[in-house]
Amino acid sequence: MNICIIVGARPNFMKVAPLIHAIDKAKAEGKDIDSHLVYAGKDNDATLEDSLFEDMQIRRPDIYLGVDCVNLNELTGKVMAEFDTYLTNNPTDVVIVVDDLASTMAAAIVTKKHGISLAHLVAGTRSFDIKMPKEINRLVIDGLSDYLFTAGMGSNSIVSREGAELSHVYEVGNILMDTLRFNHNRLQRPAVMDDLKLKNGKYIVFTLNRKALIADKENLGNMIYAMNKAAGNTPIIAVLRNNAKEVVSQLTADMADIHIIDSLPYLEFGYLTAHAMGIITDSGNVAEEATFNNVPCITLNSYTEHIETVKQGSNILVGEDADKLEAAIKDMTGNNWKKCSLPDRWDGRTAERIVHILLNMPG
């Protein structure tokens, strides 16, 4: 069985690493299975530093499609053309696509045009906002998929209501937990913690990536002011990249307790967040990790595709409201947070289940 795993952005590698490990393990046990790792971008992508693959203990992509453009429609077309060439030249039994990017949707469409089985990880996540490009991507990908690998019962219900055949839906669990459990004892305390004299449980981590939030500088400034005020003397460690770093640097020029640092290697960032008093973020992945680590998490959005992090986990939503953010941080620093538990099947065996399903596919 030849499996192609295609990823479109850095965060996808955290989710496919357990799959690669599970496939390699099955192959070593004599199973007739192998994988190709394909990246939609270029081989000189600055976000794909060597430490990422060393930390994940996986190889670099076998193939780079070389697509790099800002316009999503242009990107979709180019990925479709390049991936069509790849599938024409490489015999493939199953293509596994990850998450909900434009490149993910492009690969899904081409896969079905080639008559190849398509698997979506993670299926059934929805914002229910059709104005979001990613929501359109999710609907298209799930509609085309032969294997809908979901993280929980909520996602099962969503794809079922949308018409997916139950025989195509597999509740395999949250694959990000496979990565967290695999690396739990490998986390590394970053040197910057010693430089800033940070003690475990005595600081807040702040991450920001959403373009719309960064673009509204006036409201972002209000939120950062509220964040700094509510945190009091608790240091805030802002781990930021590119434009987010530039904008936040301008807005925090006179805030001594907000420390902006460069992005960290995966194992170091994992240590920083796992030992924080709390986290403020707009990232679904970071919110999931916070729930796993039982760390209070505030999400700067009015919805989440990972609703289990709110219903069972440590996450709360404050939208883009400075007053709600301030109140939540006061609860965080005042040790007045809700109790949380781990959702079902966050057990680190998701990749194992997926490989078992694929190896037992009909025909």
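The values are calculated or read from the model by the stated rules, or taken from the named source; none is laboratory data. On a predicted model such as this, the values are computed, not experimentally measured, just so you know. For neighbour counting, all protein chains shown are included, and Cβ atoms are generated from backbone atoms with ideal geometry for every residue, glycine included. Side chains are part of the model used for accessible areas, which takes the heavy atoms of the whole protein and leaves out ligands, DNA and RNA. Shrake-Rupley method; radii C 1.70, N 1.55, O 1.52, S 1.80 Å.
Check 98, 79, 70, 94 and return the single one that is modelled with pLDDT under 95 and β-branched (Val, Ile, Thr). Answer to the selection: 70.
Among the candidates 252, 333, the residue that is touching a residue at least 40 places away in the same chain (Cβ under 8 Å), among the hydroxyl-bearing types (Ser, Thr, Tyr) and more than 26 Å from residue 21 (Cα to Cα) is uniquely 333. Scanning region 190-220 for residues being open to solvent by 90 Å² or more (accessible area, probe 1.4 Å) and either closer than 19 Å to residue 247 by Cβ or basic (Lys, Arg) (or both) gives a total of 7. For region 275-287, a residue qualifies if it is in contact with a His (Cβ under 9 Å, 6 or more places away or on another chain) and modelled with pLDDT of 95 or more, and exactly one does: 287.
Does at least one position in region 328-343 carry a residue that is polar (S, T, N, Q) and under 19 Å from the mean Cα position of the chain (by Cα)? The answer is no; no qualifying residue exists. One residue stands out in region 142-167 among those that are surrounded by fewer than 23 Cβ atoms within 10 Å (Cβ to Cβ) and modelled with pLDDT of 95 or more: the one that is nearest to residue 291 (Cα to Cα), namely 147.
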